[in-house]
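Working notes, structure below.
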Ligand code: 5GP
Ligand code: MG
């Protein structure tokens with residue numbers, strides 16, 4: 001199995017670039033169908049979702065906007081458990097169809113926090129798209145409307161996900177060996 005070393009840790013391929021690409025196309029097709037009579041605004045959560053957001057957004061056929069926010073809840077390979085908002089949205093979300101784009105939902109802390117924060121602006125609806133979901137790590141009853149892959153409760157890197165800032169440029173997704 002193909003593996004990489006990042007800093008002190010070894011990672012093995014778990015989701016290939018071609019599987020990701022195929023799944024992103026499927027999610028895009030579903031969003032195009034579900035949101036066809038709307039002009040959605042996508043909200044990409046930096047840094048981790050930047051590649052997923054870029055690939056997913058290019059699948060979107062209707063008039064759509066994208067904006068970027070930043071939150072941080074992770075240090076090293078352990079969740080710190082507290083979510084800190086860092087950068088907010090300038091666009092008005094009032095009456096809009098909002099689609100949050102995340103790389104991964106782990107405990108769900110960030111997802112719950114983001115949904116609650118964005119709902120304060122009175123959007124018409126807030127949908128949530130995450131490339132990855134760890135069902136066994138979820139601590140909240142949060143609905144993730146669009147999930148790329150359900151994954152085990154292991155630490156992943158690649159395709160935007162980092163280990164201490166590194167590994168985001170890997171085309172495949174790797175799991176800690
Ligand atoms: P949550 O708030 O759901 O516990 O965690 C969400 C954030 O933690 C994600 O957006 C991501 O930045 C980070 N995270 C969770 N699991 C992983 C993982 O396996 N690998 C990496 N690199 N980041 C993760
Ligand atoms: Mg993220």
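What follows draws every value from the coordinates through simple rules; no lab data is involved. Just so it is clear, the structure is predicted and the values come from calculations on it, not from any experiment. Note that we place each Cβ from the backbone using ideal geometry, even for glycine, and neighbour counts take in every protein chain shown.
Per residue, the average separation of C-alpha pairs within less than 8 Å and at least 6 apart gives region 12-168 a relative contact order of 22 percent.
Take the Cβ atoms of residue 150 and residue 176, set R0 to 22 Å, and the FRET efficiency comes out at 0.80.
For the pair residue 143 and residue 19 in one chain, pulling the backbone fully straight at 0.36 nm per residue adds 42.3 nm over the alpha carbon distance. Using a cut-off of under 14 Å, list every residue of region 149-177 whose amide N is near the label point 7 Å from the Cα of residue 2 along the Cα-to-beta-carbon line. Answer for this model: 158-159, 169-175. The angle between the Cα long axis of helix 17-34 and the main principal axis of the chain comes to about 10°, on a 0 to 90 degree scale. The Cα trace of region 12-168 gives Rg and Dmax of 14.7, 44 Å, the first to one decimal, the second as a whole number. Each peptide in 105-117, 159-171 receives the mean, over its residues, of other Cβ atoms within 10 Å, and ordering these scores from highest gives 105-117, 159-171. Relative to the longest principal axis of the C-alpha atoms of the chain, give the angle of the C-alpha long axis of helix 109-119, reported between 0 and 90° and rounded to the nearest 10°. Helix 109-119 sits at roughly 10 degrees to that axis.
Note on region 1-73: Rg/Rh from Cα positions, Kirkwood definition for Rh, rounded to two decimals, is 1.08.
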